[in-house]
Amino acid sequence: MKPGKTGLLACLLLTSSLHAETGAAAWLRYAPLNEAASRPYRDSLPPVVTSLGGSLAASAQQELIRGIRGMLGRTERIGQVSALLTERAIVLGTLGSLPPQLSLTANLPPDAYWLKTLNGYTIVTAQNDRGVLYGVFALLRKIALGEPVQNLDDRQSPRAPIRWVNQWDNLDGSIERGYGGRSIFWENRQARPDLTRVGDYGRLLASLGINGCSITNVNADPRVLASDFIAQVVRVAAAFRPWGVRVSLAVDFGSPQTIGGLDTFDPLDPRVAAWWKAKADELYQAIPDFAGFLLKADSEGRVGPSAYGRTHADAANVVARALKPHGGMLFYRGFVYDHHMDWQNPRNDRARAAYENFQPLDRQFDDNAFVQIKNGPIDFQVREPASPLFGALPKTRQAVELQITQEYLGQARHQVFLVPMWKQTLDFEIGAPVKTLVSAFAGVANVGLDDNWFSNHLSQANLYGFGRLAWNPDLSARRIAEEFVGQAFSLPARDSETLTGMLLSSWRTYENYTGPLGLQTLTDITGNHYGVNVEASERNGWGQWHFADAHGVGMDRTVATGTGYIGQYPPAVARIYESLETCPDDLLLFLHHVPYTYKLHSGKTVIQSIYDSHYEGAAAVESYVREWKSLEGHIDERRYHDVLAQLEYQAGQAELWRDAVDNWFLRASGIADAQRRVGHYPGRFEAESLSLEGYTVTPVTPWEAASGGQAVACAAAQCAASLRYQGPSGWYTLRVRYFDQDNGISRFQVRVANQLVDEWAAADRLPTSKIDASSSARHIIAGIALRPGDVIRIEGVPDGGEAAALDYIEVVPNGN
Ligand code: GCW
């Protein structure tokens, strides 16, 4: 190619990247710095990069060149070690490989790095190759964030030696609780032919210091250990290896029987031990840097040691001992509970299960067996206290399990930044802060093939935040949010602050419009875990009860009168939780049952606080939409519009949650909202009260998922619902609430006085085929002039199983 052409191409690439970013680069965009910002780096960074070798040297060197090229617009020359004496350089290498004139000594743990300026050289060094790679990413991060690099002397060590992500990927390519598309690893029960995205993922992980990934679902397919499957794992491991990410497999405890052909999987049977050992040997033969196994046993229908009356320690150790000679680790999930619990027995409590199952086994686990504990005692709810198990295993190695994928937190359709929530657990004092008690961090990430990994650009902040906390749990949520925003977007300072603020308040916001005061998420517990369904958690064996009735709400977990759960905490914590005087409002209903009229520390009654927080939460999401709009022009168009659409949708869902939960509690308690909002919706016209052509009224389950408990659905080829407007003339906004099921693409048209004013298709990918809260959606038509007597007519054309169903239309004056 002629030089002229190359220049043109580069120029085109640059302009087009301003207009459309897919989000694939996440926080590794290396966006160009402006002239003033880049000058200090140009002056201080040597023009040459010299690598002293090592297994990850190619990745480290290429990344450095790529990052500097992107941000500073210049290409570092690759230098020779022999020229080091005469040329200033950025030197990449382990402490042991540094030449005498640049020799540095330090006692660094594995994976730590040291960035050091010495005699005009910029040295990126570490104890091991991974540390050098992490040092390169750290150096680039400093540049991206505008931090000085001229007189470097920065040593950073990871708090925990094991920092890994778990993927719940099935071999058929689906991902359990994954919202970002299909598996980057598997399709048709094989590794995908093209594993490019695995390498890209490895790079993202390495940039955060994440050094391992479990690549199969914990609801494990026995096939992952079949001998003729190992070649598939080998390929994935190879794709990750250049980034220092080791793979592990989530395995089925019944494997010695199901694929080993034994007549038992009893952990104390020597044949079973021999089988695990042979299997580990076979895997390590093929993958010498294999990380180990993850095991979910005796939980949610998985087989486990209970089949033979053995303990979790017996189960963990038989597998751990097979891995031990190879340096492998076993992660045994503490998520063990009975999901057929009798809800009528007030002493039963799922929250107690992890502690009861594992606390008595402290000391019995081998040193390469970790108990992997979810942050809270239930299951990744919007707010839970820290699991008491963290304080109860002083002689056992512990991993904390955090959920990056937003299973109960809006499933990547809601913007919820989870770092503030995680920090509550990590900082929680349970004898000592939880973050000091764990030696491994596991994050359930579940990225998929979608361009931006999660299908929501802002959800990337959670993977970023997990990685940063796993490295340094002392970082503040604000610092992490600022780092993410600073790298993933290139915004003027004021706009960065706007976006940072949105992230930081989003967990509280989500909690406010879903389940505040420790109610938990109030979602469809037995179904998709997405839309609102207040009673789904009650009266079944899953044990996520909140016991709301006509008189009060909350689960009594006290020692005095309740399930005794609070007694699992050390006395200093238990005292605070046990007493209503000291129990924090945020956890009140998780720990106590109180009447609706009970006064919180905030001074409000429980019921009024439920009402108010839902209005606050919904209003906050509306403000996110406005705030995001204020960033227009500073964000590439694609990501700008993607996030705007996501936030507008979220605002509609938040409003639905607000009305559903508030109405449910109004009906249950019989206590009116002091502000008269709940149950009063000026300008709202229920679809079932409109004049209907073809549409038939249908009850909605649960009733709170639709305004008035009913919707209208169309079983004909086309239906219509009309309203004769009787209010004053003026400008209005119409808000149509309809149902977007996943089994068809209905079309809607809205006519005002016979004039078509808008049309749309119900084509979103929402997780339900039913007319319920998960499919409820909102379409807004602003700027409509209405005169008294105008007919507003909504026409729906159903498609497939989708019924073009409508809930209501709101006529809101002045475009409010
Ligand atoms: O929260 C539940 C999820 C299951 C998951 C389980 C677990 C992989 O709903 O989908 O199974 O937790 O963590 O094992």
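The values are calculated or read from the model by the stated rules, or taken from the named source; none is laboratory data. This is a predicted model, so every value here is computed, not measured. All Cβ positions, glycine included, derive from the backbone under ideal geometry; neighbour counts span all protein chains shown. Side chains included, ligands, DNA and RNA excluded: accessible areas come from the protein's heavy atoms. Shrake-Rupley method; radii C 1.70, N 1.55, O 1.52, S 1.80 Å.
The rows are residues; the columns are (1) in contact (Cβ under 8 Å) with a residue 24 or more places away in the chain; (2) β-branched (Val, Ile, Thr); (3) more than 16 Å from the ligand (Cβ to nearest atom); (4) within 23 Å of Arg333 (Cβ to Cβ).
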{"site": "Ile123", "(1), (2), (3), (4)": "yes, yes, yes, no"}
{"site": "Ala138", "(1), (2), (3), (4)": "yes, no, yes, no"}
{"site": "Val149", "(1), (2), (3), (4)": "yes, yes, yes, no"}
{"site": "Ala160", "(1), (2), (3), (4)": "yes, no, yes, yes"}
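Exactly one residue among Ser669, Ser691 is of a type in the set (Ser, Thr, Tyr) and farther than 26 Å from Ala713 by Cβ, and that residue is Ser669.
Is it fair to say Asp154 is under 30 Å from Pro99 (Cα atoms), more than 16 Å from the ligand (Cβ to nearest atom) and among the acidic types (Asp, Glu)?
Answer is yes for this residue.
Looking at segment 694-710, is at least one residue surrounded by fewer than 21 Cβ atoms within 10 Å (Cβ to Cβ), part of a helix (DSSP H, G or I) and touching a residue at least 60 places away in the same chain (Cβ under 8 Å)? Within segment 694-710, one or more residues are surrounded by fewer than 21 Cβ atoms within 10 Å (Cβ to Cβ), part of a helix (DSSP H, G or I) and touching a residue at least 60 places away in the same chain (Cβ under 8 Å).
The listed residues are Ala369, Ala399, Ala412, Ala392, and the only one of them that is within 16 Å of the ligand (Cβ to nearest atom) and over 30 Å from Gln653 (Cβ atoms) turns out to be Ala399. For segment 110-128, the criterion of being within 29 Å of the chain's Cα centre (by Cα) and in a strand (DSSP E or B) is met by at least one residue.
Screening Tyr732 with (1) surrounded by 22 or more Cβ atoms within 10 Å (Cβ to Cβ); (2) more than 28 Å from Glu535 (Cβ to Cβ); (3) within 34 Å of the chain's Cα centre (by Cα); (4) aromatic (Phe, Trp, Tyr) gives one miss only, at (3).
The residues of segment 165-200 that are touching a Gly at 6+ places or on another chain (Cβ under 9 Å), away from the ligand (no atom under 15 Å from the Cβ) and in a loop (DSSP other than H, G, I, E, B), listed by number, are Gly180, Gly181, Arg182, Ile184, Phe185, Asn188, Arg189, Arg192. Entry remark, segment 274-303: residues being closer than 22 Å to Val371 by Cα, out of contact with any Ser or Thr (no Cβ under 9 Å at 6 or more places or on another chain) and open to solvent by less than 40 Å² (accessible area, probe 1.4 Å) number 4 in total.
Screening Thr122 against (1) among the hydroxyl-bearing types (Ser, Thr, Tyr); (2) open to solvent by 30 Å² or more (accessible area, probe 1.4 Å); (3) under 20 Å from Pro99 (Cβ atoms) leaves a single unmet condition, (2). Would it be correct to say that Pro242 is more than 16 Å from the ligand (Cβ to nearest atom), open to solvent by less than 60 Å² (accessible area, probe 1.4 Å) and within 28 Å of Phe185 (Cα to Cα)? So Pro242 passes the test. Looking only at segment 201-217, decide whether some residue is part of a strand (DSSP E or B), of a type in the set (A, V, I, L, M), within 16 Å of the ligand (Cβ to nearest atom) and crowded, with 22+ Cβ neighbours inside 10 Å. For segment 201-217, residues part of a strand (DSSP E or B), of a type in the set (A, V, I, L, M), within 16 Å of the ligand (Cβ to nearest atom) and crowded, with 22+ Cβ neighbours inside 10 Å: absent.
In segment 380-389, of all residues being open to solvent by less than 10 Å² (accessible area, probe 1.4 Å) and either touching a residue at least 60 places away in the same chain (Cβ under 8 Å) or not polar (S, T, N, Q) (or both), the one that is nearest to the ligand (Cβ to nearest atom) corresponds to Phe380.
Taking the conditions exactly as written (within 16 Å of the ligand (Cβ to nearest atom), more than 17 Å from Gln544 (Cα to Cα), among the β-branched types (Val, Ile, Thr) and under 22 Å from the mean Cα position of the chain (by Cα)), does Ile404 satisfy them or not? So Ile404 fits the description; yes.
Of the residues Gly531, Gly562, Gly603, the single one that is open to solvent by less than 10 Å² (accessible area, probe 1.4 Å), over 27 Å from Val434 (Cα atoms), of a type in the set (Gly, Ala, Ser) and modelled with pLDDT of 95 or more is Gly531. From the list Arg352, Arg347, Arg363, the lone residue that is away from the ligand (no atom under 16 Å from the Cβ) and under 30 Å from the mean Cα position of the chain (by Cα) is Arg352.
For segment 417-521, please list each of the helices (runs of 4 or more DSSP H) lying entirely inside it that holds at least 3 residues being buried (at least 24 other Cβ atoms within 10 Å of the Cβ).
419-426, 460-471, 477-488, 493-513
Applying the condition of being of a type in the set (A, V, I, L, M, F, W, C) and farther than 29 Å from Arg246 by Cα to segment 324-344 and asking which residue is nearest to the ligand (Cβ to nearest atom) yields Met341.
Hey, any hits in segment 46-53 for a residue that's open to solvent by 70 Å² or more (accessible area, probe 1.4 Å), among the β-branched types (Val, Ile, Thr) and part of a strand (DSSP E or B)? The answer is no; no qualifying residue exists. The residues of segment 289-302 that are within 14 Å of the ligand (Cβ to nearest atom) and in contact with a Gly (Cβ under 6 Å, 6 or more places away or on another chain), listed by number, are Ala297, Asp298. Applying the set (1) under 30 Å from Ser490 (Cβ atoms); (2) in contact with a Gly (Cβ under 9 Å, 6 or more places away or on another chain); (3) not in a helix (DSSP H, G or I) to Asp673 leaves exactly one unmet item: (1).
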